[in-house]
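Participant: Pasting a structure below so you can have a look.
The values are calculated or read from the model by the stated rules, or taken from the named source; none is laboratory data. Model, not experiment: these values are computed from the prediction. Note that we place each Cβ from the backbone using ideal geometry, even for glycine, and neighbour counts take in every protein chain shown.
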């Protein structure tokens, strides 16, 4: 009998151990399934990392609600239309020679109608324009001294209107200044240099492809070394005037967006940081620490409202902080999709945030400067109710999902003011999409260039040049003209925070 009892006890212990192992394995399987199921809709992964063959239906993925707008072109958006011109380059008359019914010749027949049709197409690239500057030295008849041309003589060397290619300091190595500089007797002009920068930094092409495209589209043959070097020259030209000016403007913005993304350079991982507004963009490269964030020269002195994600590296900054709701919605979706019935609080919280966003949009549309107190109180009650429901459902529950849910609940409890900042202050946006759009080209350039930059300096130069191009684009400037101005008269500088000021 004692042996039988001992055997039963032994089996019960073994079964308890097995149940524990099974529970751990079930939990582990759930974690792995969640990892496999993560995408840009329920995690911080970028949309470019989503595999198209495993994407969920758009109806289940998107957190957006209907805007009420009709599909297609929206009222007020820019359009491109073409009209007939009066002086086409070539005119061809298309007319029938014989009657389509009796085949009689129509030579000299009366014309009943003439309809004009025009086709717009590109021409083969013409040979590049070559301008020769003959640098003349003269010997003085009085003292015998030989004088060479100086910067003050440049306007007399060129045709009228061409002096814009020479900067006032006389230290440019582009345009007509090549006439005064030693070295190769043949140089590349500023517009070709601007094209090379546009292709590599404005359209994110690898150096070799950009070089080939210059030949194909512009008829200018340059070396890959030239194309690779123009980005550094552009960044160097921006470091003295453009960057300090941008820092001083951004520090005075009422609302600022900040974000960071990884960039692989020289076989290591670096971080590209951005501080931006609707009309300004400034990026810099470093690590991910608080000191690296401060190295941009903007955020340590910024005291307005800072829209950011949940990274703790921003916590030391003196700004008024606001939390990006898009990140929170993805975190809520990750919890809700795994256990919709057990984590219903997450769906309730997401609905509360979206409801608050709709209320904020409606208030702005009606010209209000704040939400109605009754509406704001209802939003906060729903917010606190979702937290209470989640706390009750996950209290003492085992498993990784319950642990992550409790972590998320603590975040919503601790940072309520930051999360609902967009509802309490209508000048604060709902998401940090402004900053995320600004840093996205880093990933595009990295992907098109084989997955990395060869040097950290190359990534740094790209961040500087892209800051210039993105800012110019936000102000409605043509990228090519902005770069051409950089290499001739100097960098274009935004005069104020917004064009309306």
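Participant: Just to check your reading of the model, which residue among 389, 443, 377 is assigned by TED's automatic domain parsing to the domain that holds residue 308, out of contact with any strand residue (DSSP E or B) (no Cβ under 9 Å at 6 or more places or on another chain) and more than 27 Å from residue 338 (Cα to Cα)? Before the answer, list the steps.
Facilitator: Working: 389 fails: more than 27 Å from residue 338 (Cα to Cα); 443 fails: out of contact with any strand residue (DSSP E or B) (no Cβ under 9 Å at 6 or more places or on another chain).
On inspection, the qualifying residue turns out to be 377.
Participant: Does residue 347 satisfy the condition of being touching a residue at least 12 places away in the same chain (Cβ under 8 Å) and within 15 Å of residue 431 (Cα to Cα)?
Facilitator: Details: touching a residue at least 12 places away in the same chain (Cβ under 8 Å): yes; within 15 Å of residue 431 (Cα to Cα): no.
It is false that residue 347 is touching a residue at least 12 places away in the same chain (Cβ under 8 Å) and within 15 Å of residue 431 (Cα to Cα).
Participant: Could you grab me the full set of residues in region 399-451 that are assigned to a loop (DSSP other than H, G, I, E, B) and closer than 22 Å to residue 308 by Cα?
Facilitator: Residues of region 399-451 assigned to a loop (DSSP other than H, G, I, E, B): 399, 415, 420, 425-432, 449-451.
Within region 399-451, 415, 420, 425, 426, 427, 428, 429, 430, 431, 432 meet the criteria.
Participant: Right, something else. In region 287-303, how many are in contact (Cβ under 8 Å) with a residue 40 or more places away in the chain, outside any helix (DSSP H, G or I) and either surrounded by fewer than 17 Cβ atoms within 10 Å (Cβ to Cβ) or out of contact with any strand residue (DSSP E or B) (no Cβ under 7 Å at 6 or more places or on another chain) (or both)?
Facilitator: Qualifying residue count, region 287-303: 1.
Participant: Going by the structure shown, is residue 270 within 17 Å of residue 419 (Cα to Cα) and touching a strand residue (DSSP E or B) at 6+ places or on another chain (Cβ under 6 Å)? If you could, list the steps in order and put the result at the bottom.
Facilitator: Values: within 17 Å of residue 419 (Cα to Cα): no; touching a strand residue (DSSP E or B) at 6+ places or on another chain (Cβ under 6 Å): yes.
No; evaluated as a whole, the condition is false for this residue.
Participant: Go through region 121-151 and report how many residues are in a loop (DSSP other than H, G, I, E, B) and over 22 Å from residue 191 (Cα atoms).
Facilitator: Our first condition is that a residue be in a loop (DSSP other than H, G, I, E, B); within region 121-151, this holds for 121-137, 140-145, 148-150.
Imposing the further condition that a residue be over 22 Å from residue 191 (Cα atoms) reduces the set to 121, 135-137, 140-145, 148-150.
So the answer is 13.
Participant: Scan region 309-332 for residues that are buried (at least 19 other Cβ atoms within 10 Å of the Cβ) and either assigned to a helix (DSSP H, G or I) or touching a strand residue (DSSP E or B) at 6+ places or on another chain (Cβ under 6 Å) (or both) and jot them down.
Facilitator: Of everything in region 309-332, those that are buried (at least 19 other Cβ atoms within 10 Å of the Cβ) and either assigned to a helix (DSSP H, G or I) or touching a strand residue (DSSP E or B) at 6+ places or on another chain (Cβ under 6 Å) (or both) turn out to be 313, 319, 322, 325, 328, 329, 330, 331, 332.
Participant: Against the definition (closer than 30 Å to residue 304 by Cα, in the same structural domain as residue 305 (by TED's automatic domain parsing), in a loop (DSSP other than H, G, I, E, B) and at pLDDT below 95), how does residue 367 come out, yes or no? Write out each step before concluding.
Facilitator: Values: closer than 30 Å to residue 304 by Cα: yes; in the same structural domain as residue 305 (by TED's automatic domain parsing): yes; in a loop (DSSP other than H, G, I, E, B): yes; at pLDDT below 95: yes.
Considered against the rule, which asks whether it is closer than 30 Å to residue 304 by Cα, in the same structural domain as residue 305 (by TED's automatic domain parsing), in a loop (DSSP other than H, G, I, E, B) and at pLDDT below 95, residue 367 comes out as yes.
Participant: Given the residues 220, 255, which is the only one that is over 24 Å from residue 443 (Cα atoms) and at pLDDT below 90?
Facilitator: Values: 255 fails: at pLDDT below 90.
Among 220, 255, only 220 is over 24 Å from residue 443 (Cα atoms) and at pLDDT below 90.
Participant: Here's another thing I want to ask about it. Looking only at region 482-501, count how many residues are part of a helix (DSSP H, G or I) and without any contact (Cβ under 8 Å) to a residue 12 or more places away in the chain.
Facilitator: Of the residues in region 482-501, the ones part of a helix (DSSP H, G or I) are 482-486.
Then keep just the ones that are without any contact (Cβ under 8 Å) to a residue 12 or more places away in the chain; that gives 485.
Qualifying residue count, region 482-501: 1.
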